[in-house]
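Only one structure is covered here, and it is reproduced in the block below.
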Amino acid sequence: MGKDAASFSGYRAFKFIGFAICPQLMKLLDIGIFSKKLQNFFRNTIKETIKIREEKQIVRPDMIHLLLEARKGRLKYEDSMDNMDAGFAVVEESELGKTQKKQKVVITDEDIAALAAGFFLAGFDTVSSAISFLAYELAINPDVQNKLFDEISKAPKDSNGKIKYETLLGMKYLDMVVSESLRKWPPAFITDRISVKSFTIEPESDNENPLYLEKGSQLWIPVLALQRDPKYYPNPDKFDPERFSDENKSNIKPFTYLPFGAGPRNCIGSRFALLENKLLITEILRKFEIISTEKTLIPLESSKTIFNILPDNGVWVALKRRSDYC
């Protein structure tokens, strides 16, 4: 069901564009992006979970528990004691989310089902795409892979041979590699915003005209185009983690790097997604070398039939067991 929900090919891609361009018409015609079967599956699964938890007093530290606590008015913002740098790509929390609203918000089971399903679906396809592109770049850039393996092999480990959370976040070259992969292959190649007031974008050159935006205008921000623009990233098609070194990352212009968006509507799962990617690639490289095969497309060509940047036939690499695994 997750795979079905994450597919935006064919008719669903047109419905997605329809909601972006004229949502009122789509609602009037009662056209949904997802089928009733898909909607009911996620709705019923989550509502049944809520019912069982409340009946049997089950508590689990997850998204549904947080939403149930919010419904009871017991959820408050807490400053995290973890001040570790989670990486260049992570987005900062907005101050708007830290303030307590005075008005009481009614949260229904339907709201919880929609939010929890949205949280699941937002990370279902994006994380798998991100790790696929990261594995691809390491396969065709063995010099980068060897340098990363060297950092991983030298990282301190506990008595069970596991790399600790703090150590993982402190690995600088790993963060550089992941950040560069997200630059070249952002999981969401566009993002959107709605203007909250009328605004004029003034021209920057003589051959441009002012662009007037009315209040309520929907804007599409081309994340992929920004992050592949040679004006901001010289030789943009080259996979170069050094762009994100301590010496170079200060040169990156604000709002030209948006793999998780920015501002109050940024991705709330950025820290989790980065941790997943870093942990996955670290555990793979400890025991395997990622190599290209005869099926590996060089360069990759994005599909022209689906609403994302994945190739039609997927991303192909192979794993070769290391004799010197760490």
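The stretch 286-326 and the stretch 43-64 have their alpha-carbon centroids 38 Å apart. Mean residue ellipticity at 222 nm, helices only, the chain: -13000 deg cm²/dmol; runs of at least 4 DSSP H residues each add -39,500 (n - 2.57), and the sum is divided by the number of residues. For GluC sites (Glu not before Pro), the sites in the stretch 244-326 that DSSP calls loop and that have at most 14 other Cβ atoms within 10 Å are Glu247, Glu294, Glu301. Across Thr45, Thr296, Thr200, mean-square fluctuation computed from a Gaussian network of the chain (C-alpha pairs under 10 Å connected) peaks at Thr200. Its Cα gyration tensor gives the chain an equivalent ellipsoid, and the semi-axes of that ellipsoid, as √(5λ) in whole Å with the largest first, are 33, 28, 22. Listing Leu219, Leu75, Leu275 from fewest to most neighbouring C-beta atoms within 10 Å gives Leu219, Leu75, Leu275. Ordering Tyr233, Tyr173, Tyr165 by the number of other Cβ atoms within 10 Å of each residue's own Cβ, fewest first, gives Tyr165, Tyr173, Tyr233.
Build a GNM of the chain with springs between Cα atoms under 10 Å apart, and of Pro23, Pro203, Pro61 the one that fluctuates most is Pro203.
Here the alpha carbons of the stretch 94-249 define both size measures, Rg and Dmax, at 21.2, 65 Å. Among Ser132, Ser303, Ser181, the largest mean-square fluctuation in a Gaussian network model of the chain, built with springs joining Cα atoms closer than 10 Å, belongs to Ser303. I want the local charge near Glu242. Using Cβ-Cβ distances under 13 Å, sum +1 for each Lys or Arg and -1 for each Asp or Glu among the other residues. Once positives and negatives cancel, what remains is 0.
Residue order for Val91, Val196, Val315, fewest other beta carbons within 10 angstrom first, comes to Val196, Val91, Val315. For the chain, the membrane-span-like helix rule (DSSP H, alpha carbon extent of at least 30 Å along the helix axis, mean Kyte-Doolittle at least -1.0) picks out 109-140; this says nothing about an actual membrane.
A short reminder: the numbers here are calculations on the coordinates, not readings from a lab. Everything quoted here is computed from the prediction, not taken from an experiment. Glycine gets a Cβ as well: all are built from the backbone with ideal geometry, and neighbour counts include every protein chain shown.
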